[in-house]
Amino acid sequence: MTPRLAGVLMAAASLAADQASKNWLLYGLDFKAQGPLARIPVTGFFDVVMVWNRGVSYGLFQAGSSFGTWFLTGFSIVATLALSWWLSTAERMFLALGLGLVIGGAIGNVIDRAIYGAVADFFHFYAFGHDWYVFNVADVAITVGVMALLWDSFVRPQETQSSGSR
C-alpha cells in the first residue's frame, strides 16, 4: 500500500469514527434533545457530556458570531485542502498517516459547523479538582495526527543523514 493511499484511508476512517460517535451520542442517546444538561457519569474521572463548541479543537478561539463560525469553517476548509495537497505528495508512511488523521478530524468538525453551527463535543476528563477540555473523536485524530507530523519531522533529518552517509 502506498503512503498516499494509507493517508486517504486513515482520513476516511477517522472521519467515519468521528461522525459515527457524534451521531450515536446526539441521536442514539438523544443528547441533542437533552442539551447542555446531558451527562453520563462513566468513572470518577470521566463523563460523557454535551457541549457545543463554537471554537476550534479543545474550545480554542471561540467564535461569538455567525461570521466567526463561517470564518473558522472557511479556514478549516482551506487548511484541509492544503493538507490534502501535502498528502498527495507524501512518500513516507508516518507522514501520510498523520496527515490523514488531521484531514479526517478537520472534515468531521467542518461537517458539524456546517450542520449545527458548532462542533459537538462529548468527552470530559477531570481529576483532583481540575478539568480537561471537553473534546470529540475528531479532536483526538487532529492531536494524534499533529504529533505524528512532529515525530516525522524530527526523525526525517536522521534518516536523510544516515542514507546520505552510505
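Would you call residue 45 touching a strand residue (DSSP E or B) at 6+ places or on another chain (Cβ under 9 Å) and open to solvent by 50 Å² or more (accessible area, probe 1.4 Å)? So residue 45 fits the description; yes. Cβ-Cβ distance below 6 Å, separation of 6 or more or different chains: which pairs start in the stretch 9-28 with a residue that is of a type in the set (A, V, I, L, M, F, W, C) and end on one that is at pLDDT 95 or above and open to solvent by 20 Å² or more (accessible area, probe 1.4 Å)? What qualifies is 10/97; 10/101; 15/107; 17/137. Answer yes or no: is there a residue in the stretch 90-100 that is acidic (Asp, Glu) and closer than 23 Å to residue 52 by Cβ. No, that holds for no residue.
Scanning the stretch 92-104 for residues that are open to solvent by 20 Å² or more (accessible area, probe 1.4 Å) and among the hydrophobic types (A, V, I, L, M, F, W, C) gives 93, 94, 97, 101. Among the candidates 21, 57, 14, the residue that is of a type in the set (S, T, N, Q), at negative phi and at pLDDT below 80 is uniquely 57. Scanning the stretch 105-158 for residues that are under 14 Å from the mean Cα position of the chain (by Cα) and loosely packed, with under 13 Cβ neighbours inside 10 Å yields a single hit, 147. Counting only residues that are part of a helix (DSSP H, G or I) and under 23 Å from residue 75 (Cβ atoms), the stretch 18-55 holds 3 of them. Scanning the stretch 62-79 finds no residues that are at pLDDT 95 or above, in contact with a helix residue (DSSP H, G or I) (Cβ under 9 Å, 6 or more places away or on another chain) and open to solvent by 30 Å² or more (accessible area, probe 1.4 Å).
The values are calculated or read from the model by the stated rules, or taken from the named source; none is laboratory data. Note that the structure is a prediction, hence the values are computed from the model and not measured. All Cβ positions, glycine included, derive from the backbone under ideal geometry; neighbour counts span all protein chains shown. For the accessible areas, the whole protein counts, side chains as well, though only heavy atoms, and no ligand, DNA or RNA atoms are used. Shrake-Rupley method; radii C 1.70, N 1.55, O 1.52, S 1.80 Å.
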